[in-house]
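The values are calculated or read from the model by the stated rules, or taken from the named source; none is laboratory data. Note that this is a predicted model, so its numbers are computed, not measured. No Cβ is skipped: glycine too gets one built from the backbone with ideal geometry, and neighbour counts run over all protein chains shown. These area figures cover heavy atoms from the full protein model, side chains too; ligands, DNA and RNA do not enter into them. Shrake-Rupley method; radii C 1.70, N 1.55, O 1.52, S 1.80 Å.
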Amino acid sequence: MAKIKTTFFCQNCGSQFSKWQGQCTSCKEWNTIAEEVIQKPEKSNWKTQSSTDIRISKPLKINEIDTSQEARLDILDNEFNRVLGGGMVKGSLTLLGGEPGIGKSTLLLQIALNINYKTLYVSGEESQRQIKMRAERINPSCESCYILTETKTQNIFKQIERLKPEIVIIDSIQTLHSDFIESSAGSISQIKECTTELIKFAKETATPVLLIGHITKDGHIAGPKILEHMVDTVLQFEGDRNHVFRVLRANKNRFGSTNELGIYEMQGSGLREVSNPSEILISEKDGELSGNAVAATLEGLRPLMIEVQALVSTAVYGTPQRSATGFNAKRLNMILAILEKRAGFRLGAKDVFLNITGGITVDDPAIDLAVVAAILSSNEDMALPSDFCFAAEVGLSGEIRPVQRVEQRILEAEKLGFKTIFISKYSKISIKNTSIVVQKVSKIEDIIHHLI
Ligand code: TYD
Ligand code: MG
């Protein structure tokens, strides 16, 4: 037996130290350093039996490399396929992170139940019966999904060798532990070791592995940052838990772009793919209400029509209140200052509340003009025509600035039945023969002139 070796790790950032100390010198957190035993025997291969099968890699000419291994598996979920860049690459490791209760287990179980490949879903968090109860609500008639409740990697690999699944799902990486390391499950060294074993397994057998990862209170994936470097793809599942929408985005993707976005709606029977999010984000109203304006925004590469609601009322207390949900509060203050200075609105003595419907957060600057329109509409208590929409940024001197991919926004607005879109005068567009009226404005005064 090798000599027991211990090292100290910061449980927050993963830095390694030779002795204990009260504060981590790297992330400055207190009391996060813990001793972990690293006791690594000669070999920690995922397949311990096969000592003969040692593969030594040789350099190859780039045009001799066979890319057929990069074939992708279609996982029959358009949103997930798109975020991955067109399906799951064989032998890839994908990490899915997100807040507790957001639906990570539901999403991956749903994929396991719907695809036609033989799938092994390993859970260290729930019992087989609990998973079965959930599965019954999602898709009760599935033949190719196997459930295993196990946390020891060596046992998992034994079952994998017997079952030979085509896809492996692990819920979650923080519950796994390997015999080669003695520290407890979820510690930095265990996470590193288990991920290394899974990577070896995935690459050698060309089996894609999906991992669920917990996140820390500040939103990062728990465990060492190196975990995100090791895997091929890092996905983030997010959304407001009180709202029904869930957004899946790629933070890192070795096989595709990180601009794509998947949108789901949580229902009683699992997650439903939302292929046209704009239709749901824009609320249906009986009459026209003041304070509403629609922005033609882009989330990643996808056009998204988003409704902005503003409420402007006389301040009851001395200091007026400004509050924004889903929109940067500093930017709201800036837009209010522009309206006050350039257009003479006395908003200094008014409370202003702003809300982006659907519980999503937007950082596309193209939403600015819709914010201006919603504020003006509420201030004047005058409804805007419901077939108007806006796509432009507002500059500090009250100029209306162009935004990227304006043609894509115009086409999306047209598709959804909008009749007029307001954009910057300086936007360059070459599309013709649209049924939508493209109204070009250059200053904040122009927009006031058009709307009031
Ligand atoms: P879960 O997938 O366990 O979240 P995570 O693994 O990210 O912690 O739970 C998702 C939540 O979704 C749970 O609180 C219950 C709810 N839910 C539904 O509304 N409908 C469903 O069909 C399922 C399975 C869950
Ligand atoms: Mg879960």
Checklist outcome for this item: For the chain the mean separation of alpha carbon contacts under 8 Å (6+ apart) over residue count, i.e. relative contact order in percent, is 12 percent
Checklist entry - Taking Cα atoms, how many degrees apart are the long axis of helix 188-205 and the longest axis of the chain, rounded to 10 and kept between 0 and 90? => result 80 degrees
Checklist entry - Which one of L109, S377, F422 has its Cα pushed farthest toward the positive end of the charge dipole of the chain, where Lys and Arg give +1 and Asp and Glu give -1 at the Cβ? => result L109
Next on the checklist: Apply the a/c threshold of 1.5 to the C-alpha gyration tensor of the range 368-435 and tell me whether it is rounded, prolate or oblate.
Outcome noted: oblate
Checklist entry - Taking H as built 1.01 Å from N, whose amide H comes closer than 5 Å to the amide H of L148, not counting residues under 5 places away? => result Y121, V122, S123
Checklist entry - So how far, in whole Å, is the C-alpha centre of the range 127-198 from the one of the range 351-410? => result 47 Å
Checklist entry - When the accessible area of the range 280-451 is split by element with a 1.4 Å probe, what percent falls to carbon and sulfur? => result 49 percent
Checklist entry - Amide H to amide H, which residues 5 or more places from L384 or on other chains are under 5 Å from it, using H placed in the peptide plane? => result G291, N292
Checklist entry - Taking only protein heavy atoms and a 1.4 Å probe, what accessible area per residue, in Å², does the chain have with all protein chains in place? => result 49 Å²
Item to check | Amide proton proximity set for A206, modelled H, under 5 Å, gap of 5+ | outcome: none
Next on the checklist: Given contacts defined as C-alpha pairs under 8 Å and at least six residues apart, what's the relative contact order of the range 286-342, whole-number percent?
Outcome noted: 20 percent
Checklist outcome for this item: In the structure shown, of K104/K225; K350/K432; K61/K225; K61/K152; K203/K225; K90/K158, the pairs separated by more than 31 angstrom at the C-alpha atoms are K350/K432; K61/K225; K61/K152
Next on the checklist: Please give me, ordered by residue number, the GluC sites (Glu not before Pro) of the range 134-213 that lie in loop per DSSP and have at most 14 other Cβ atoms within 10 Å.
Outcome noted: E143
Checklist outcome for this item: Of the candidates Q408, V308, T207, the farthest towards the positive dipole end of the chain (Lys/Arg Cβ +1, Asp/Glu Cβ -1, centred on the Cα centre) is T207
Checklist entry - In the range 398-452, which chymotrypsin sites (Phe, Trp or Tyr not before Pro) fall in coil by DSSP and have 12 or fewer other Cβ atoms within 10 Å? => result Y426
Checklist entry - Using θ = phi - 60° and the Karplus form 6.51 cos²θ - 1.76 cosθ + 1.60, what ³J(HN,Hα) does each residue of the range 74-79 get, whole Hz, x for Gly and Pro? => result 7, 9, 6, 9, 4, 5
Checklist entry - Can you list the HN-Hα couplings for the range 402-409, worked out from phi with the Karplus curve (6.51, -1.76, 1.60; θ = phi - 60°), rounded to whole Hz and with x for Gly and Pro? => result x, 10, 6, 6, 5, 5, 4, 5
Item to check | DSSP bridge orientation in the chain - percent antiparallel, rounded to nearest 5 | outcome: 55 percent
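Which value, in debye to the nearest 20, gives the size of the charge dipole of the range 280-451 about its Cα centre, when Lys and Arg are +1 and Asp and Glu are -1 at the Cβ?
Dipole magnitude for the range 280-451 comes out near 540 debye.
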Next on the checklist: Using only the heavy atoms of the protein chains and a 1.4 Å probe, how would D179, D364 rank by accessible area, largest first?
Outcome noted: D179, D364
Next on the checklist: Not counting ligands, DNA or RNA, and with a 1.4 Å probe, what is S15's accessible surface area in Å² rounded to the nearest 10?
Outcome noted: 30 Å²
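Return the calculated 222 nm mean residue ellipticity for the chain, to the nearest 500 deg cm²/dmol, obtained by summing -39500 (n - 2.57) across DSSP H runs with n ≥ 4 and dividing by the residue count.
After summing the helix terms and dividing by the residues of the chain, the value is -7500 deg cm²/dmol.
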Checklist outcome for this item: With a 1.4 angstrom probe the carbon and sulfur portion of accessible area for the range 73-273, in percent, totals 47 percent
Next on the checklist: With a 1.4 Å probe and all protein chains kept in place, how much accessible area does T151 have, in Å² rounded to the nearest 10?
Outcome noted: 40 Å²
Checklist entry - Mean separation of Cα pairs under 8 Å and 6+ residues apart, divided by the residue count of the range 191-256: what relative contact order is that in percent? => result 25 percent
Next on the checklist: Of N259, I226, S269, which is farthest towards the positive pole of the range 219-275's charge dipole, taken about the Cα centre with +1 and -1 on the beta-carbons of Lys, Arg and Asp, Glu respectively?
Outcome noted: I226
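Given N residues in the chain, what is its alpha carbon radius of gyration divided by 2.2 N^0.38 Å?
Cα Rg divided by the expected 2.2 N^0.38 Å: 1.18.
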Item to check | Prolate/oblate/rounded label for the range 73-273 (Cα gyration tensor, a/c 1.5) | outcome: rounded
Checklist entry - So what J values fall out for the range 427-441 if you push phi through Karplus, 6.51 cos²θ - 1.76 cosθ + 1.60 with θ = phi - 60°, rounded to Hz, Gly and Pro as x? => result 6, 9, 10, 10, 6, 10, 6, 8, 7, 8, 7, 9, 9, 9, 10
Checklist entry - Roughly how big is the chain's charge dipole about its Cα centre, with Cβ charges of +1 (Lys, Arg) and -1 (Asp, Glu), in debye to the nearest 20? => result 1100 debye
